[in-house]
Structures are given as structure tokens and as C-alpha cells.
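Quick note: the coordinates plus some simple rules give every number you see, no bench work behind them. Values in this document were obtained by computation on a predicted structure and should not be read as measured data. Neighbour counts run over all protein chains shown; Cβ positions are idealised from the backbone, glycine included.
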Amino acid sequence: MGIKLQINRQFSDLKEEIENLEGLFSGSAESIHKARNELRIVTLKGKRYVLKAFKVPGFPANAIYGLLRASKAYKSYHNSILLKDYAPCPVAYMEQRQGFCFSKVIT
């Protein structure tokens with residue numbers, strides 16, 4: 001299983017906490033939205049952050065995302081950087097794969 005994690009340089013002081021992004025997400029009891037995707041609030045060093053876990057699509061869409069397209073977490077993270085004047089500053093994103101398919105994506 002491979003994990004790709006990218007952390008915004010502005011939040012390098014949160015590196016240790018962010019490296020456990022999946023644990024942070026599953027350990028947070030404060031879910032603010034749960035449908036196709038899920039939003040949860042976590043507190044890191046006294047500040048509140050929103051984590052978003054994207055629903056992993058079924059086969060064959062998962063294989064297409066895994067081989068040919070960027071993940072939703074990647075696109076969300078990088079689009080927030082491009083829209084920095086209009087969107088919240090992104091902290092990090094994580095992609096977890098099993099083989100060539102995604103098993104979890106969080107931003």
C-alpha cells in the first residue's frame with residue numbers, strides 16, 4: 001500500500017500531526033457533513049481545521065483515477081492554491097493506494 005502526502009510549506013510546523021492524517025480523520029468525532037464525501041473538524045495546536053475525505057469511486061472509475069487522472073484530493077488542494085484569494089489556504093492532501101487504485105483520499 002502506497003501513501004502520497006503533500007504538506008503546504010506554510011504549515012510545516014504541523015508535519016508530525018499531518019503525517020497521521022487518516023488517524024486524525026477517523027479519530028475526530030465532530031462530523032459536519034456526511035454524504036458522498038465527509039467533512040470533519042479537527043483541532044491541531046489550538047486551531048480548528050476541516051478535513052475532507054472523498055468517496056472512493058468503484059471500479060472502473062477508480063482504475064481510471066488511479067492510472068490516468070489526478071485524485072480529487074490533489075485537484076482540491078492545487079485548485080485552492082490557484083484560487084488563494086478566494087478559497088481557504090489548503091494545508092495538505094493524502095492519497096492512499098492499493099495497487100493502482102485509490103483506497104482513501106483526504107484533503
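The table that follows gives values for the structure above.
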| item | result |
| --- | --- |
| For the range 2-106: relative contact order, % (alpha-carbon pairs under 8 angstrom, 6 or more apart) | 32 |
| Positive minus negative residues near Arg40 (Lys, Arg vs Asp, Glu; Cβ under 12 Å) | 0 |
| Packing-based exposure ordering (other Cβ within 10 Å, fewest first) of Val91, Val42 | Val42, Val91 |
| Fewest-first ranking of Phe59, Phe25, using other Cβ atoms within 10 Å as the exposure measure | Phe59, Phe25 |
| Normalised contact order of the range 32-91, rounded percent, pairs of Cα under 8 Å and 6 or more residues apart | 18 |
| Expected-Rg normalisation [2.2 N^0.38 Å, Cα atoms] applied to the chain | 1.05 |
| Estimated [θ] at 222 nm from DSSP helical runs (n ≥ 4, -39500 (n - 2.57)) normalised by residues in the chain, nearest 500 | -7000 deg cm²/dmol |
